[in-house]
Structures are given as C-alpha cells and as structure tokens.
Amino acid sequence: NKYEKPIIITFDDGYRDVYTYAFPILKKYNIKADLYIISGYLGGEKYLTIDMVKELAQSSLIEFGSHTITHSILTKVSDEELERQLSESKKMIEELTGKKVESMAYPTGAYNSKVMEAVKKYYKCAISIEEGKENPKAINTYELKRLYMDRDYGIEKFKEIVSTKTAIIHINGNQKQTFGG
C-alpha cells in the first residue's frame, strides 16, 4: 500500500548472468530486485559463486530468497525432505549473506496445501509461477503471482506488461523458458 503501482523484479535459480548483466543495470538505475537462489547449486558452472553472492549481499538492492537446496519438486518429496529443503536452504543463504531470508519461490511452480503449510513455518511469503497481477486488496502471500519478462523484451513491451496493476516481474535469466522458472 506504500506505492500506487509497486513492481518487484525477481530472478530465479541464481544464474551467474544476474551478477554479470542484471546487477550492473540494477546499480546504475538504483533498482531493487529479489534473487531466489538454489543454495546447493552455488559455485556450479552456470551459477553464482560464493564470492558473487557475498558481493551481492553487500548491496541494499538485492533481497535474497530461497529456491530450495536442489530445486526439488516439493510436492513429490517426503515430509522430512520437504522440511530439509525449506529450512536448510534458508539457513545456508542467511549464513552466507548475513541477511534474513523471508521469502521463497516454489521450484518448478509445484506446491499444494501441504507444501504451503510447511513453507509458512519458515517464510513470510512464497512466489508461484502463476501468471498474473496481484489485487492489493486480496493478496495470498503464499501464492504470489508473477509476470514473465523475456530477456529480449524492450522497454515498450515492459511498459505494456506492467501498465495496469501491481506486478511481480520475473525476468528470464540464463535461458529461454516458460513463465516462472
């Protein structure tokens, strides 16, 4: 309610190109973004390194969220594994960044009521891959919608997509993919 048309920019997975390409632009224009990282993939070939995450964490522009430890399909794991994916990823990211992790993005978009109940134990909100804009008067904080933005979209397409209501914008990172990531 603080802004007339708030926009939250999100990046999933923790690909290196967020550091290489997006972060310099965010700094140039003083734009904040949420980065949902797969904590167990850090340092992998196309993922952020520990040093990159630490540098990003020093910026007031980046808020970190969990995308679990291994990008597991949360509706298909055991109860114990679900708890581990949620709690340990949060703990790992908080220890690495020195910042509180209060949100998560459902890997592959898979969630159900059991997953949401587990998520509520650790996070204040969760991002879905359901495409759409939020109604500020009826937000379900554990099923937040997003609008997909491809890396090839220009500013006019961006304006067209966000021209009406509140939006969480997911910008495609490393590869072309369907909405969400």
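The values are calculated or read from the model by the stated rules, or taken from the named source; none is laboratory data. All values derive from a computational prediction rather than experimental measurement. Methodologically, a virtual Cβ is constructed for each residue, glycine included, from the backbone with ideal geometry; neighbour enumeration extends over all protein chains shown. Ligands, DNA and RNA are stripped out before the accessible areas are found, and what is left, the full protein with its side chains, is counted by its heavy atoms. Shrake-Rupley method; radii C 1.70, N 1.55, O 1.52, S 1.80 Å.
General remarks:
- Listed by chain and number, the lysines whose C-alpha is less than 24 Å from the C-alpha of Lys90, apart from same-chain residues fewer than 8 away, are Lys32, Lys46, Lys54, Lys76, Lys99, Lys100, Lys114, Lys120, Lys121, Lys124, Lys145.
- A Förster radius of 41 Å, combined with the Cβ-Cβ distance separating Glu83 from Asp152, puts the computed FRET efficiency at roughly 0.55.
- Of the solvent-accessible surface of the chain, computed with a 1.4 Å probe and all protein chains present, 51% belongs to carbon and sulfur.
- Under a model in which nothing but the beta-carbon of Lys, Arg (+1) and Asp, Glu (-1) is charged, the chain shows a dipole of about 560 debye around its Cα centre.
- In terms of the mean number of neighbouring beta-carbon atoms within 10 Å, the peptides 95-107, 145-157 order highest first as 95-107, 145-157.
- In the full protein context, the chain carries 53 Å² of accessible surface per residue, based on a 1.4 Å probe and ignoring ligands, DNA and RNA.
- Convex hull volume of the range 25-77 per residue (C-alpha atoms, cubic angstrom): 89 Å³
- Sorting the segments 43-56, 19-32 by their residues' average number of neighbouring beta-carbon atoms within 10 angstrom, most packed first, yields 43-56, 19-32.
- With a simple spin-label model that places each label point 7 Å from the Cα along the Cα-to-Cβ direction, the separation between Asp17 and Ser163 comes to 2.7 nm.
- Whether the chain is rounded, prolate or oblate, judged on the alpha carbon gyration tensor where a/c under 1.5 counts as rounded: oblate
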